[in-house]
Every structure is written in structure tokens, then in C-alpha cells.
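Report on the following structure.
The values are calculated or read from the model by the stated rules, or taken from the named source; none is laboratory data. Nothing here was measured: the structure is a model prediction, and the numbers come from that model. All Cβ positions, glycine included, derive from the backbone under ideal geometry; neighbour counts span all protein chains shown.
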Amino acid sequence: MNMLRLFLLLPIVALLGACGHTNNLARFKIAGKTAYYRAVASGDASSSASYIHSPARNTATDILAAIGSAVASAEGRRKLERAINGDSLAHDVSLGIRQATADYLSLRPAESMAEDPDLIIETELTDYTLRSGASGLVVRVTGMSRIIDRRSGEIVWENSETQSIPLSETYLAGIAPQPAASGASIFNAVRLLSLSEEEMRKVMKGAAVDAGREIGETLREDIADMGR
């Protein structure tokens, strides 16, 4: 079963950064060509353990009192784990590169390799974690997309992005009023684990889609640079 790591740790600062980038678009004329898209989850995104640790500002007793037996139970964790599917999240990340290649390169999608596509476009979800600190919940997604020339096997373009999104400021903002900063981590963890599986999926999907958009935005910028 795909698992999700749940951390209640030190405060986490939201970040967005590129982890790796290759741009050989000028060497390959790929506009208008056919492409086969595939997405997979690997590394920590496909299998990881589930943990709950005490934040620096809260004692273990405070945590148990705040979470309560129902949410802290193994059943509560299993509900969260069932709501997260690495392959589905990889597909969500891939939406960014699919949109960008359609909008700016007019690539035509192939349904299968049997159609003999010119390109293979891979998206890999390499890490997906949920962390909570004194400032609240943060989802951290690392995804990589690359365009491969099928005839030569060379990488035409590749980009990896890490997106960290503070859920307490975005996806969970409408669930309940903001608590005091010192209790934000516990409060938001309780609120997340109290959601239905479908609501959890929507929260996680939103973060994955955002990471994919950043990958697609980098491709757009590289294409724009070629025309200057």
C-alpha cells in the first residue's frame, strides 16, 4: 500500500525551488510532434512509513489530549494512507507538463507506444510528505518531468521542482478559524485527519497539481527564451 509520512516537527518554511534542469530544446525540433505521456511514483513517494512526533512547543501529553483517541488511532492513520495513492498523485503532477506541451509546442498525444510516437514524456513523483510544525501543516511535493526523443533516446528537456504548500493558509483555510500559532500544528493535523478520505484526496491533489504547474511554467519560460 502506498504510504504517506506524517510529521509533527519543527516549524517548516514554505519554499519553492528547482532541483534539476536540462534544456536542449534548441537542438530538437519537436513542435507539432506526437508524444506518449506516462507518470509513475518512485522513491519515498511510492512507499514510506507513517509517523507522528511531538513538535518542539508541545509535550506528548498535550498532543494526546488535542488529537484524541479516535484520530490518533491506527484506523485514523490508515484512512489517511488509503486517501493517498502515489500513482494518482504522479498523474496530477503530470497535468502541468501535458498542458504546457499542448499550449506551447502543439504536441499531439499518443494513446500508446503502438502508435509509434516521436517523443516520450515522463513524469515522476519522487517525494511526497506531509509535515506539521508550529506554523501549521505543509505538503511537500517533488516531481520531475522530462521529454525524451524516442529515436535517439536523448533527453530534450528535463525539470524537477519541489513545491511546499502551507495547507493552513490555502486548502484548509475554510475548514475552521486559524488557531494560535503555538497550537497550529496540532490543530491542523486534527482537522486534516478528521476529513473524509475524499476530502483528503482533494487536499493532496491540489498540492500535486501546483507542483506540476511549476514544471510546466519552467517549460514555457524556456520556450519563450528560444524566441528572443
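The set of residues in region 184-206 that are in contact with a Phe, Trp or Tyr (Cβ under 8 Å, 6 or more places away or on another chain) and at pLDDT 80 or above comprises 202, 206.
Looking only at residues that are hydroxyl-bearing (Ser, Thr, Tyr) and in contact with a helix residue (DSSP H, G or I) (Cβ under 7 Å, 6 or more places away or on another chain) in region 153-183, which one is modelled with the lowest pLDDT?
So in region 153-183, the residues hydroxyl-bearing (Ser, Thr, Tyr) come out as 160, 162, 164, 168, 170-171, 182.
After this cut, where a residue has to be in contact with a helix residue (DSSP H, G or I) (Cβ under 7 Å, 6 or more places away or on another chain) as well, the list is 168, 171.
Details: 168: 55, 171: 50.
Looking at residues that are hydroxyl-bearing (Ser, Thr, Tyr) and in contact with a helix residue (DSSP H, G or I) (Cβ under 7 Å, 6 or more places away or on another chain), I get 171.
What do you reckon, is residue 150 of a type outside the set (Gly, Ala, Ser), farther than 18 Å from residue 23 by Cβ and at pLDDT 95 or above? In short, yes.
Looking across region 62-108, the residues that are modelled with pLDDT under 60 and surrounded by fewer than 16 Cβ atoms within 10 Å (Cβ to Cβ) come down to 62, 64, 65, 68, 69, 70, 73.
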